[in-house]
Ligand SMILES: Nc1ncnc2c1ncn2[C@@H]1O[C@H](COP(=O)(O)OP(=O)(O)OP(=O)(O)O)[C@@H](O)[C@H]1O
Ligand SMILES: [Mg+2]
């Protein structure tokens, strides 16, 4: 059974629907990438999976449980974590304080373990733990945002454009870490502009356009499909 199943979800802002019946799934051992043009509804889909937006119809199942109506903090408790596209750290707080915020629902021991894991994974965070997040480079900030999400020990991690604004070298480092999180058994759903890089580490992919499923298949198939390449992967 899939870890996450989104079935025919209709969702949006106020009375305006942005998603018009979107369906996706993520298996326990998968990395899945979502691509699609600006405004397709990709970030809206993540906000809906996370509970910031409640679907007006359709269903969201997590580990076979219906979580459609749950609030974000309840989704976190179930094991879903989310790194937003924008504003994903607290700029005026230090790195350590940001990590503590990420673990707000955990006890002291889990907090200490989480901080240790974050520092082992990204040593630069340990070196700069008393610096404010606003002083970090784009890549370091992305590492902090991912570490904050991991503080809750999720089974599923949602990453909205993890390589946006990063140099190729730093982006590669971030994607290497995504792969090692996957090897630790975390299911991963990525929205990416850098479709080539993300699909190359993914099992499957979805193309969303105009708030609807446009195409889905194995990552290899998407990367080698002439029409998709022309329309969505820049030729
Ligand atoms: N807070 C909001 N209130 C109202 N409409 C919004 C809001 N956020 C996004 N929208 C609209 O919803 C639609 C989908 O936006 P969304 O951010 O989900 O697209 P996206 O696929 O993530 O695009 P991008 O690739 O630019 O990040 C757009 O038309 C956008 O203007
Ligand atoms: Mg977006």
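The values are calculated or read from the model by the stated rules, or taken from the named source; none is laboratory data. Bear in mind the structure is a predicted one, so any value in this text is a computation, not a measurement. Please note: Cβ atoms are built from the backbone with ideal geometry, for glycine as well, and neighbour counts cover all protein chains shown.
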Of the conditions (1) over 16 Å from the mean Cα position of the chain (by Cα); (2) within 16 Å of ligand 2 (Cβ to nearest atom), the single one that residue 97 does not satisfy is (2)
Subject >> Test result for residue 89, buried (at least 21 other Cβ atoms within 10 Å of the Cβ) and within 16 Å of ligand 2 (Cβ to nearest atom) >> reply: no
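State the number of residues belonging to region 3-35 that are outside any strand (DSSP E or B) and modelled with pLDDT of 95 or more. Step through it out loud before you land on a result.
Step one: of region 3-35, the residues outside any strand (DSSP E or B) are 3, 14-15, 27-30.
Then drop every residue that is not modelled with pLDDT of 95 or more, which leaves 3, 27, 30.
Here the count works out to 3.
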When every residue in region 192-206 that is in contact with a helix residue (DSSP H, G or I) (Cβ under 6 Å, 6 or more places away or on another chain) and surrounded by 23 or more Cβ atoms within 10 Å (Cβ to Cβ) is compared, the one nearest to residue 25 (Cα to Cα) is 205
Next item on the list: Evaluate region 151-158: report whether one residue or more is touching a helix residue (DSSP H, G or I) at 6+ places or on another chain (Cβ under 6 Å), closer than 21 Å to residue 85 by Cβ and within 16 Å of ligand 2 (Cβ to nearest atom).
Entry: yes
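Every residue in region 85-114 that is at pLDDT 95 or above and outside any loop (DSSP other than H, G, I, E, B), please.
Keep residues of region 85-114 that are at pLDDT 95 or above, which gives 89-99.
Result: 94, 95, 96, 97, 98, 99.
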inquiry  = Taking the criterion of being away from ligand 1 (no atom under 16 Å from the Cβ) and either more than 19 Å from the chain's Cα centre (by Cα) or touching a residue at least 60 places away in the same chain (Cβ under 8 Å) (or both), would at least one residue in region 83-92 satisfy it?
reply    = yes
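Which of the following residues is within 16 Å of ligand 1 (Cβ to nearest atom) and assigned to a helix (DSSP H, G or I): 49, 54?
Values: 54 fails: assigned to a helix (DSSP H, G or I).
Every option except 49 fails the conditions.
Which members of region 25-46 meet the condition of being within 15 Å of ligand 1 (Cβ to nearest atom) and surrounded by fewer than 21 Cβ atoms within 10 Å (Cβ to Cβ)?
So the first thing to find is which residues in region 25-46 are within 15 Å of ligand 1 (Cβ to nearest atom), and the list is 33-46.
Once the filter is applied, which keeps residues that are within 15 Å of ligand 1 (Cβ to nearest atom) and surrounded by fewer than 21 Cβ atoms within 10 Å (Cβ to Cβ), region 25-46 yields 37, 38, 39, 43.
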Scanning region 159-178 for residues that are farther than 23 Å from residue 50 by Cβ and out of contact with any helix residue (DSSP H, G or I) (no Cβ under 6 Å at 6 or more places or on another chain), the one surrounded by the fewest Cβ atoms within 10 Å (Cβ to Cβ) turns out to be 169
